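In what follows, a structure is listed as structure tokens, so that the remarks can point back to it.
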Amino acid sequence: MKTKPVLSTSILAMLCTAATASALTMDTVTIGDPGNPDHTTGYGGVATTYAIGKYEVTLNQYREFLAAVAVTDTYGLYNPSMGTDLNSRGITQTGSPGSYAYAVIGDGNRPVTYVSWFDAARFSNWLHNGQPSTGSQTAGTTETGAYALNGTISGVGISKGGGAQYWIPSESEWYKAAYYQPAAVGGDTDGYWLYSTGSNETPNSRNGSVSDANSGNFIRSATPAADGVNDGYAVSGSTSYSDSQNYLTDVGAFTQADSYYGTFDQGGNVWEWNDAVISYDYLISSSRGLRGGSWGDTKFYIHSSNRSYNDPTYEDSYVGFRVATVPEPTVSVSLMLVGGLLLARRKRPSAL
Ligand SMILES: [Ca+2]
Ligand SMILES: [Ca+2]
Ligand SMILES: [Ca+2]
């Protein structure tokens, strides 16, 4: 928080009543430079300023979401593999419909996986609606808001509505946050890096790094072996896959390897949904975009030229997401309106 207004108890009470109890604070970064051009790939140009998650959505954050709206879980926000797939677990579900409870297994700062495009849309709606905790998935919690889902669980007919406060990034919003840096402020000559680490050189695979500014969680093999860098899978340092190995790293673990705008792990760790509708594959008639590769992918998939996709219901241990949102000044204005007060309330990260 940059400045902290002095609030009386009564004003605080009013704000709390109006905004409901919000468990989560989503760390975001503002993506400026509106009106930038597309990259040669055809993506990355965004007309307006926006904000995007600094990190992939974490297990801790998704558990809060489940606890708030999934005591019955009408629309499958929980996938049992979240609790059993050792590669990426996870979150446990206990109890029975109407009284489900959720707990994080181990380190909750890793990204959530086994989430579909629709889970990401419902998470966005829930944030849009101020993180209501009614236990159920209804209008006003997960079914309306940024997306008018109203029970929709398949297909590509859903679009972001006007006035959305949180949403699944468009392909260009995701792309710009990952790769853009104006040439005039030290970027590449065409304004776009090939990797989300602000580099055109292939990053190193490491099990997290606080010093290597061009590194990430993906697969790279280069001699010498077993020296902690480029030894295969980043976490295990082995070229052999193991079904009992957790391959995720904490979001932001590569502390120096952020993008120009300050996002982390856009390349690697988990694939991230975007809202592109991609339907050119005869095997998958209706798909949504995925970008950035994962712990189980090689350099080709974290490269800016890689445009991937899958059915929007697809869920596995490689796939997660991050959200986009309005830039801070708009959030602050809406908070002022909620309270009916002129408050010099500025938060970073934005909190509702
Ligand atoms: Ca799901
Ligand atoms: Ca090596
Ligand atoms: Ca990622």
Quiz item: Quick one: how many residues across segment 235-268 are touching a Lys or Arg at 6+ places or on another chain (Cβ under 8 Å) and over 22 Å from residue 179 (Cα atoms)?
Solution: 2
Quiz prompt | Long-range neighbours under 7 Å by Cβ, at least six apart or interchain, first residue farther than 20 Å from residue 318 by Cα within segment 217-231, second more than 6 Å from ligand 2 (Cβ to nearest atom) and basic (Lys, Arg) | solution = 228/206; 229/206
Exercise. Among the numbered conditions (1) within 15 Å of ligand 1 (Cβ to nearest atom); (2) touching a residue at least 40 places away in the same chain (Cβ under 8 Å); (3) outside any loop (DSSP other than H, G, I, E, B); (4) over 18 Å from residue 53 (Cβ atoms), tell me where residue 126 comes up short.
Key: (4)
Exercise. Identify all residues within segment 112-170 that are at pLDDT below 95 and crowded, with 17+ Cβ neighbours inside 10 Å; write none if there are none.
Key: 156
Practice problem: Name the strands (runs of 3 or more DSSP E) wholly inside segment 196-303 in which the number of residues that are buried (at least 17 other Cβ atoms within 10 Å of the Cβ) and within 16 Å of ligand 2 (Cβ to nearest atom) is 3 or more. | Solution: 231-233
Exercise. Please determine, by comparing only the residues of segment 311-328 that are away from ligand 3 (no atom under 15 Å from the Cβ) and not charged (D, E, K, R), which one is nearest to the chain's Cα centre (by Cα).
Key: 325
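Please state which one of 60, 36 is polar (S, T, N, Q), free of Cβ contacts under 8 Å to residues at least 60 places away in the same chain and more than 16 Å from residue 265 (Cα to Cα).
Just a single option satisfies the conditions, and that option is 60.
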Quiz item: When you look at residue 3, is it loosely packed, with under 13 Cβ neighbours inside 10 Å, over 15 Å from the mean Cα position of the chain (by Cα) and modelled with pLDDT of 95 or more, yes or no?
Solution: no
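Every residue, every condition in (1) at positive phi; (2) in contact with a Leu (Cβ under 9 Å, 6 or more places away or on another chain); (3) within 12 Å of ligand 3 (Cβ to nearest atom), yes or no:
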position	(1), (2), (3)
200	no, yes, no
207	no, no, no
212	no, no, no
219	no, no, no
227	no, no, no
237	yes, no, no
245	no, yes, no
274	no, yes, yes
Quiz item: Of all residues in segment 178-195 being within 22 Å of residue 251 (Cβ to Cβ) and not in a loop (DSSP other than H, G, I, E, B), which is nearest to ligand 1 (Cβ to nearest atom)?
Solution: 178
Exercise. Residue by residue through segment 160-204, note down the ones that are among the polar types (S, T, N, Q) and without any contact (Cβ under 8 Å) to a residue 60 or more places away in the chain.
Key: 189, 199, 200, 204
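The values are calculated or read from the model by the stated rules, or taken from the named source; none is laboratory data. Everything quoted here is computed from the prediction, not taken from an experiment. Using ideal geometry, Cβ is built from the backbone for each residue, glycine included, and neighbour counts are taken over all protein chains shown.
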